[in-house]
1. Need a quick list: helices (runs of 4 or more DSSP H) entirely within the range 1-108 having at least 1 residues that are modelled with pLDDT of 95 or more.
2. Among L127, L202, L140, which is assigned to a helix (DSSP H, G or I) and either of a type in the set (S, T, Y) or modelled with pLDDT of 95 or more (or both)?
3. Kindly indicate the residue of the range 56-98 that is of a type in the set (V, I, T) and touching a helix residue (DSSP H, G or I) at 6+ places or on another chain (Cβ under 9 Å) and also nearest to Q118 (Cα to Cα) among those meeting that condition.
4. Which one is surrounded by the fewest Cβ atoms within 10 Å (Cβ to Cβ), of the residues in the range 69-95 that are more than 22 Å from the chain's Cα centre (by Cα) and of a type outside the set (A, V, I, L, M, F, W, C)?
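The values are calculated or read from the model by the stated rules, or taken from the named source; none is laboratory data. These numbers were taken from a predicted model, which means no experiment stands behind them. FYI the Cβ positions are ideal-geometry reconstructions off the backbone, even for glycines, and counts take in every protein chain you see.
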Amino acid sequence: MEKLNLSKLYKAYYTAKTQPELVETEQAQYLSITGQGDPSGEDFASNVGALYAVAYTIKFMCKAEDKDFVVAKLEGLWWFDEALYANLSIAETQAKVPRGQWSYRLLIRMPEYVTDVQVKAAARAVLQKKGIALAGETELFMMPAGKAVQMLHTGPYANEPETLALIKAFSDDHGFKRNGPHHEIYLSDVNKTAPEKLRTILREPVI
């Protein structure tokens, strides 16, 4: 039985250049969990843990049905209260919006055949076997197709404003306007990769 590898099947989705570019993304479904607060905090880590626990449980459920797949890369949508922090460019937000004020939706892309019924069953299994109550907060999330300006960021997350400034300049030059939460795709394992070698796709939805 050959595993479905979404990173290979949708190679363009998981690839970005070292200069800003306009891309079009297709509609896709994800396992997701939402939260708010500092990404270096315990709550964030707990949400990541719950998301992966459910994702791997779904994987093994599907494998038992001869539909095995590789668990995809972690992603995140990020936003903040723009009424409270008005008129900030995307390049300024990391410095001016406190880390605790960021909201997020963590994502792991799922094959099209994964259903809501399977997600709920997997969440119950994770709660029963591992006692992870947050598993019940996971859900399927459908991200619509759209346009985005993206760029590959290499280095620490703290240096992202440098890359975001290039994305903003590109967007301004082409007359694009923001059209949704900031999107990040984490190509590297933060626990196994030196900060200067971290690779992250930064993606700004635009119209």
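1. Details: elements: 6-9, 42-63, 93-96.
Qualifying helices (runs of 4 or more DSSP H): 6-9, 42-63.
2. Step by step, each of L127, L202, L140 is checked, and only L127 is assigned to a helix (DSSP H, G or I) and either of a type in the set (S, T, Y) or modelled with pLDDT of 95 or more (or both).
3. Start the filter on the range 56-98 by keeping residues that are of a type in the set (V, I, T), which leaves 57-58, 70-71, 90, 93, 97.
Add one more test, that the residue is touching a helix residue (DSSP H, G or I) at 6+ places or on another chain (Cβ under 9 Å), and what stays is 57-58, 70-71, 90, 93.
On the way: T57: 9, I58: 7, V70: 17, V71: 15, I90: 37, T93: 37 Å.
Taking the candidates together, the pick is I58.
4. The residue in question is N87.
Here is a yes/no grid of residues against (1) touching a residue at least 40 places away in the same chain (Cβ under 8 Å); (2) in contact with a strand residue (DSSP E or B) (Cβ under 8 Å, 6 or more places away or on another chain); (3) farther than 17 Å from L107 by Cβ:
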{"site": "F141", "(1), (2), (3)": "yes, yes, no"}
{"site": "A145", "(1), (2), (3)": "yes, yes, no"}
{"site": "G155", "(1), (2), (3)": "yes, no, yes"}
{"site": "N191", "(1), (2), (3)": "no, no, yes"}
